[in-house]
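The values are calculated or read from the model by the stated rules, or taken from the named source; none is laboratory data. What you see is a predicted model, and the numbers here were worked out from it, not measured in a lab. When we count neighbours, we look across all protein chains shown, and the Cβ atoms used for this are built from the backbone with ideal geometry, even at glycine. Ligands, DNA and RNA are excluded from the accessible area calculation, which covers all protein heavy atoms including side chains. Shrake-Rupley method; radii C 1.70, N 1.55, O 1.52, S 1.80 Å.
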Amino acid sequence: MKKTLLAAALLAGFASAAQAQSSVTLYGLVDVGYVYTKTDGLNSLNELASGNQSGSRWGLQGAEDLGGGLKATFLLESGFDQGTGTSLQGGRLFGRQSWAGLSGGFGDVRFGRQVTITSEFFGAVDPFGAGFNVANLGNVFVASDTVRTDNTLKYISPNFGGFQAGINYSAQNNGSESVVSTANNRLAGAAVRYSNGPLLIAGSYDTVNYGAPGVDSAKIWQLGAVYDFGVAKIHAAFADQKNVGAALLTTGVPAGIAGAGFENTKAYMLGVTVPVGNGSLFGSYKRASDWDVDGWSVGYTYDLSKRTNLYTYASVVDNVNATGANTLAVSRGNVVGGDVTTKQFGVGLRHKF
């Protein structure tokens with residue numbers, strides 16, 4: 001009897017220890033505000049808009065300690081519009097990210113739907129943090145437009161004194177792979193960054209094979225930097241983008257340029273972030289030369305707590321709307337012909353949990 005009780009106690013202890021080595025976290029973010037959008041030739045749009053500074057989301061992330069410094073990891077993340085309660089990313093359950101992987105002294109390996117290594121490394125280069133609708137640099141830097149790809153293998157190296165590198169590959173970046181391999185849109189990318197003290201530098205190269213005979217692959221490389229002087233941060237970025245065609249619509253390319261003879265362009269961004277009170281004032285100028293897209297944006301965030309902040313922003317950008325319905329969705333980066341100006345203003349609240 002004593003042996004049975006001892007064995008049961010030992011088993012219970014081992015079970016508790018094993019359970020303590022695993023963790024699952026529920027997290028999320030809710031962002032809602034008022035946005036006014038006016039594009040030349042279209043009616044103005046006033047709306048209660050979701051996901052302005054950051055996309056509203058909820059998710060589950062977890063890790064299990066496998067011993068020897070090795071961990072099994074996963075992340076499931078779903079985007080939503082809290083104004084309507086509907087899911088985003090084409091109605092996918094976990095459309096933002098859905099991956100599992102391993103991490104250890106070798107770095108991180110992840111398998112599934114996820115943001116590209118370029119999007120991950122360049123988020124801090126943009127003063128607007130890849131948010132705030134038409135204000136962010138994703139309208140002219142297509143590889144940084146929070147690009148998410150299906151069927152993706154990604155590797156991120158350990159941090160060596162501030163230096164990190166990463167690669168990703170997708171056999172079909174949007175949807176299931178075809179048995180006809182030449183019909184798949186294959187995407188590959190590599191990026192490096194150095195972040196130490198006041199300096200951040202990032203560089204990347206991405207290519208997309210469109211899976212169409214006679215269509216040249218897209219080739220995009222980017223370089224960006226941020227330097228923190230204490231009183232202000234200076235942001236700068238450059239991109240050379242070639243053969244950006246219709247098949248890249250799934251990864252953020254402005255729709256109006258597809259097949260219009262404007263597949264190639266060079267993009268530029270210069271910005272600044274200044275601490276002001278209990279928040280930050282920031283702004284940028286961006287331009288895509290051959291797409292004739294350029295504009296100014298300014299924003300301010302005010303922290304109410306570590307998890308909650310208020311924000312406001314305003315943008316005046318040429319050629320960043322599509323012909324047709326005047327909705328905020330098409331105001332986020334689609335080019336039109338001619339010289340058309342979009343003006344946008346927003347205020348809102350963001351809460352993390």
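Things worth noting here:
- Any hit, region 84-105, residues being open to solvent by 50 Å² or more (accessible area, probe 1.4 Å), closer than 29 Å to Tyr313 by Cα and in a strand (DSSP E or B): yes
- Under the condition of being open to solvent by less than 20 Å² (accessible area, probe 1.4 Å) and either on the phi > 0 side of the Ramachandran plot or touching a His at 6+ places or on another chain (Cβ under 9 Å) (or both), the residues counted in region 212-231 number 2.
- Selection within region 136-153 - at pLDDT 95 or above and open to solvent by less than 10 Å² (accessible area, probe 1.4 Å): Thr152
- Pairs, first more than 16 Å from Phe132 (Cβ to Cβ) in region 40-51, second surrounded by fewer than 20 Cβ atoms within 10 Å (Cβ to Cβ) and small (Gly, Ala, Ser), C-beta under 8 Å, six or more apart: Leu48/Gly83
- Qualifying positions in region 154-173 - open to solvent by less than 60 Å² (accessible area, probe 1.4 Å), under 16 Å from Gly112 (Cβ atoms) and without any contact (Cβ under 8 Å) to a residue 40 or more places away in the chain: Ser170, Ala171, Gln172
- Subset of region 244-269 that is at pLDDT 85 or above, open to solvent by 20 Å² or more (accessible area, probe 1.4 Å) and in contact with a Lys or Arg (Cβ under 8 Å, 6 or more places away or on another chain) - its residue that is farthest from Ser297 (Cα to Cα): Asn264
- Test result for Ser176, among the polar types (S, T, N, Q), over 16 Å from the mean Cα position of the chain (by Cα), open to solvent by 40 Å² or more (accessible area, probe 1.4 Å) and closer than 21 Å to Gln97 by Cβ: yes
- Summed over region 283-296, the residues that are in a strand (DSSP E or B) and in contact with a Lys or Arg (Cβ under 8 Å, 6 or more places away or on another chain) give a count of 4.
- Filtered residues of region 290-349 (kept if at pLDDT 95 or above, closer than 20 Å to Ser44 by Cα, open to solvent by less than 30 Å² (accessible area, probe 1.4 Å) and of a type outside the set (S, T, N, Q)): Tyr313, Gly346, Gly348
- Residue in region 29-45 that is surrounded by 20 or more Cβ atoms within 10 Å (Cβ to Cβ), touching a strand residue (DSSP E or B) at 6+ places or on another chain (Cβ under 7 Å) and in a helix (DSSP H, G or I) present: no
- Count of residues meeting criterion [in a loop (DSSP other than H, G, I, E, B), open to solvent by 50 Å² or more (accessible area, probe 1.4 Å) and closer than 29 Å to Tyr300 by Cα] in region 46-68: 0
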